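Asker: The structure follows.
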Amino acid sequence: MVYAEANEAIEGFCRRERCAYLPVLTPLLWHEHPQVFRSVIGHFVEIDCDDGALDVIAQHLLEPGIRNAKDFGFQSPTAHDLCEYLDQWANPAKAELHRRRAAQIARQAIVESLDSDNPAERLAIVRNSWLSAGALIRAICQFPVDGAAGVLERVALNSNLEPRLRAEALLRYKALTGITLAARKQLISEFFALDSGPVEITGNFIGSLVAHDLVTMEELAHGAANPKWTGGVVEAISQWLSRDKIENVATVAVRGLRVALATLSQKLSSDTEEIRYVVECLRALPRTPDDDAGIRQSLQSALASAGHMADRPWVAKEVMTMLLAFNGGAALDLDTMNPWDAMQEHWRRENIYWQSALQLLVEAGAISPERRLVLPQRISETTMADIHDQLESVLRSGGRGCHKWLNSTSYEHRHDELFSSFVSLAHQPMVLDSVVQSGGMEISITADDAQPREAKDYGIPVLSTEGTRMQVVASFQGKSFKFYAHPNGTYTDAWAVLHAFNQFMAQLGRSERAFWLGSEQEGEDEGLFVCALPDKFLAACEKLRIPLRDSNAARRKPFDDEQTN
């Protein structure tokens, strides 16, 4: 049977009643093409039917004549796949007879590999090795046949094997027998010292070593210096701290995390997730002044590296935010920082207290005097976003601020409701007679020359909401006020509403105006707005370094002449 015909038979096996096709498929177990018999064995494993499949696996993995054949050399995926099938067949969901036979074959394959003088047959973790060592070890652990523990011990103590594989055997041996091998300390030391070779590792594995008491916090702290294991070590330390009393291991944990931070700072990339996670772990632990000094030094090193990433300016800003958490902002340029972080650092430098800040905001009309809040004298330094969150709380509770979501995935933009929200912030009570929005979203397909090449290649239409115009008419004391909004896709035209409100207040002879806090870099998914007295509020923002969006730069010039009637 040719290769194409064999594949057709296998597909028929998958589509129809499988057992009825076993007589047809069984001969394919000895097919000359490796891909065919591998696929057939895979289907036999799936339905837990042996019918000679385990014999074929044993033949290819254990018989030297076939093992050394050209088609099954150490570059071939055949042996790897067969090892994976043994692991799957040893699963508790399979028949006990099949599980036992699969585990026996796996054990024998490991033994023959250990006894072989051929370097190509040596057990290894890497993909292009002869056998899938991890799959074989899992198989004998899922169904511990006679001699399984002895095989694991041989692997763990074999100095010719990779430390990663030996550590795996050490872990499996402990899980199987409850006994810790005497060579644990040396083996773990070699494992964390490994710094070359295409080794795969996850934090889960190191965490498993911790869970089985096979590694100490001291060893984790030492291992954090190896860039290969830094991420896994940090995760393992975090898990350890969650299960043990912090005071028992805090000092060593901080040392390990500091080492991890220094290591990560030296290889800083555009992805700051790992280094940020380490920083958060450190902030939750008791530290000495020397610890904080060392942390600041590592972050300053990371900041220096970020300075060379002109195309990724956000990296430097994120590192600056981390520095602020450890009082490392003294040497930072506030103008280059995230605006909210710059505000927090400005308060620290100028010794600004909430008491004086509240007074300025009350005088600026940003907080109602009747609803003045009692807050801590100084901003908390326990959370990086405290200054933003507390200011939002102050303004909203003070009756002159509001937070609004501006991104509507359903394209239901309620500019009329946003206008009404601004009116509710006015210093003197105002009740609109009515406010009505008319018009809907105009969604069209963009012109061919404006569509991305990928969209053209796949025939995918690119939609546009350009040209959409909604009218809002507000009525107050018998007079009507009209303005237009132009939502951009899912984004509400908040600027149009803000400008219209300010013009509305000017026409009424009212002095308060609306402001949008934050910076353009934050996007327009949401907004924190406040209604205050312009001159005094702008002066307070300058003194307190409260970030404000540039309303003039954001205003849509083409529509200025249609804002009001």
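Asker: Can you work out ³J(HN,Hα) from phi for every residue in the stretch 287-295, in order, using Karplus 6.51 cos²θ - 1.76 cosθ + 1.60 and θ = phi - 60°, giving whole Hz and x for Gly and Pro?
Answerer: Values per residue, Gly and Pro as x: 10, 9, x, 5, 4, 4, 5, x, 5 Hz.
Asker: Using the Cα gyration tensor of the stretch 259-349, with a ≥ b ≥ c the square roots of its eigenvalues, what is the shape: rounded (a/c below 1.5), prolate (a/b larger than b/c) or oblate (neither)?
Answerer: Taking the square roots of the gyration eigenvalues as a ≥ b ≥ c, the stretch 259-349 is oblate.
Asker: While we're looking at this one, here's another question. What is the set of long-range amide H partners of Glu526 at a cut-off below 5 Å, with H atoms built 1.01 Å from backbone N?
Answerer: Close amide H contacts, sequence-distant or interchain: Leu406.
Asker: Oh, and also: Can you work out the Karplus-derived ³J(HN,Hα) for every residue in the stretch 479-494? Use 6.51 cos²θ - 1.76 cosθ + 1.60 with θ = phi - 60°, whole Hz, and x for glycine or proline.
Answerer: Whole-Hz 3J(HN,Hα) from phi for the stretch 479-494: 10, 9, 9, 10, 8, 10, 10, 10, x, 10, x, 8, 9, 5, 7, 5.
Asker: Quick one: 3J(HN,Hα) in Hz for the stretch 169-180, Karplus 6.51/-1.76/1.60 with θ = phi - 60°, rounded, Gly and Pro as x.
Answerer: So the J values, rounded to whole Hz, are 5, 4, 5, 5, 5, 5, 5, 7, 10, x, 10, 9.
Asker: Further question: Pairs to check: Lys94/Lys185; Lys317/Lys482; Lys267/Lys543; Lys479/Lys543; Lys404/Lys543. Give those whose C-alpha atoms are more than 32 Å from each other in this structure.
Answerer: Over 32 Å apart, Cα to Cα: Lys94/Lys185; Lys317/Lys482; Lys267/Lys543; Lys479/Lys543.
Asker: Now for a separate question. Skip the ligands, DNA and RNA, and give the accessible area per residue of the stretch 78-178 with a 1.4 Å probe, whole Å².
Answerer: Here the per-residue accessible area is 38 Å².
The values are calculated or read from the model by the stated rules, or taken from the named source; none is laboratory data. All values derive from a computational prediction rather than experimental measurement. For the accessible areas, the whole protein counts, side chains as well, though only heavy atoms, and no ligand, DNA or RNA atoms are used. Shrake-Rupley method; radii C 1.70, N 1.55, O 1.52, S 1.80 Å.
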